Amino acid sequence: MTQELIAKMLGVRLEGVTESAGKLHKLGVIEYPRGHITVLDRAHL
């Protein structure tokens with residue numbers, strides 16, 4: 001699932017999804033190489 005798809009599904013701006021994804025990545029909750037998001041820790045998500 002890409003950040004762009006998430007933004008479209010939620011009806012929000014891509015920038016907001018990108019910022020949130022960056023924070024979750026720093027916390028080790030998700031990984032997102034090459035435009036695809038992988039949940040690493042569902043409990044913390």
Neighbour-limited loop hits for trypsin sites (Lys or Arg not before Pro), the chain (at most 10 other Cβ within 10 Å; DSSP other than H, G, I, E, B): 13, 42
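Can you tell me what percent of all Cα-Cα pairs in segment 1-41 are more than 12 Å apart?
For segment 1-41, the fraction of Cα-Cα distances above 12 Å is 55 percent.
Every number here is computed from the coordinates shown, using simple stated rules; none is lab data. Given the structure is predicted, the values throughout are model-derived calculations rather than measurements. Note that we place each Cβ from the backbone using ideal geometry, even for glycine, and neighbour counts take in every protein chain shown.
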